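For reference, the structure discussed in these notes is given below.
The values are calculated or read from the model by the stated rules, or taken from the named source; none is laboratory data. Just so you know, these numbers come straight off a predicted model, no measurement behind them. When we count neighbours, we look across all protein chains shown, and the Cβ atoms used for this are built from the backbone with ideal geometry, even at glycine.
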Amino acid sequence: MTVKIAFATSDRKAVNQHFGAAESFAIYEVSEDDAKLIEVAEFIETAMDGHEGKLAAKVELLGDCAAVYCNAAGASAIQQLLAGGIQPMRVDEGSAIEELLNGLQKNMVEEPPVWLAKHMKKQSGKSFADDEEWQE
C-alpha cells in the first residue's frame with residue numbers, strides 16, 4: 001500500500017515553508033520500503049494573492065495526499081486541510097525530508113499513527129469502524 005505525502009519546501013531537501021506561504025510542495029509516494037518523488041508543484045506569486053483563494057488552491061492540489069509537512073499553518077488552513085482529509089504535520093524548519101520519509105516508513109511497518117491508519121483503511125475500502133466490535 002502506498003500513500004502520498006507532501007512537503008512544503010523550497011529546495012526539495014528540507015521542510016522550510018509555512019503552508020499558506022509555500023512556494024512549492026514536493027509530493028512523494030511512500031510505501032513501507034520505498035519513497036519516490038512523483039511531483040513538484042510550484043506556485044507563482046500572482047497565484048498567491050487573496051488569502052482564502054490561495055489556501056483553497058493548495059488544499060485542492062494536495063487532495064489525494066494523506067498529510068502535508070510544513071513549518072506552520074494557520075487555523076483556516078488547518079480546518080481546510082482536515083476537511084479535505086489531509087493531516088497537517090508541523091515540523092521544525094530545516095527538517096530533512098529524507099529523515100521524515102524514513103520515520104514515516106518505519107511507522108507504516110510498526111504502528112501507524114491514527115491519521116495514517118485511517119488513511120490506509122480508507123484506501124483499502126474499509127471503514128475505520130470495521131475493525132472495532134460494537135459493545136453494549
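Taking the conditions (1) at pLDDT 90 or above; (2) of a type in the set (D, E, K, R); (3) out of contact with any strand residue (DSSP E or B) (no Cβ under 9 Å at 6 or more places or on another chain) in turn, Lys121 satisfies each one other than (1). The residue that is modelled with the highest pLDDT, counting only those in the range 30-59 that are surrounded by 15 or more Cβ atoms within 10 Å (Cβ to Cβ) and in contact with an Asp or Glu (Cβ under 9 Å, 6 or more places away or on another chain), is Ala35.
Taking the range 1-39 as the region of interest, how many residues are of a type in the set (Lys, Arg) and in a loop (DSSP other than H, G, I, E, B)? Give the steps one after another, and end with the answer.
Of the residues in the range 1-39, the ones of a type in the set (Lys, Arg) are 4, 12-13, 36.
Filter once more, keeping what is in a loop (DSSP other than H, G, I, E, B): 12-13.
The total comes to 2.
Every listed requirement among (1) within 21 Å of Gln123 (Cβ to Cβ); (2) without any contact (Cβ under 8 Å) to a residue 24 or more places away in the chain is met by Ser10 save one, (1).
Restricted to the range 86-124, and to residues there that are in a loop (DSSP other than H, G, I, E, B) and crowded, with 16+ Cβ neighbours inside 10 Å, the residue that is nearest to the chain's Cα centre (by Cα) is Ile86. For the range 125-136, the candidate set comprises residues that are exposed (fewer than 12 other Cβ atoms within 10 Å of the Cβ) and assigned to a helix (DSSP H, G or I); within that set, the residue that is modelled with the highest pLDDT is Ala129.
Can Leu101 be described as modelled with pLDDT under 95 and in contact with a Phe, Trp or Tyr (Cβ under 9 Å, 6 or more places away or on another chain)?
Details: modelled with pLDDT under 95: no; in contact with a Phe, Trp or Tyr (Cβ under 9 Å, 6 or more places away or on another chain): yes.
Judged against the criteria, Leu101 is not a match.
Which residue out of Ile5, Ile44 is on the phi < 0 side of the Ramachandran plot and in contact (Cβ under 8 Å) with a residue 40 or more places away in the chain? From the options Ile5, Ile44, the qualifying one is Ile5. Answer yes or no: is there a residue in the range 74-84 that is over 23 Å from Ala22 (Cα atoms) and not in a helix (DSSP H, G or I). For the range 74-84, residues over 23 Å from Ala22 (Cα atoms) and not in a helix (DSSP H, G or I): absent.
Going through the range 83-96 one residue at a time, which ones are among the β-branched types (Val, Ile, Thr) and over 19 Å from Asp64 (Cα atoms)?
Within the range 83-96, the subset among the β-branched types (Val, Ile, Thr) is 86, 91.
Selection gives Val91 alone.
Taking the range 60-85 as the range and being surrounded by 18 or more Cβ atoms within 10 Å (Cβ to Cβ) and more than 23 Å from Asn107 (Cα to Cα) as the test, the residues that pass are Ala73, Ala77, Gln80.
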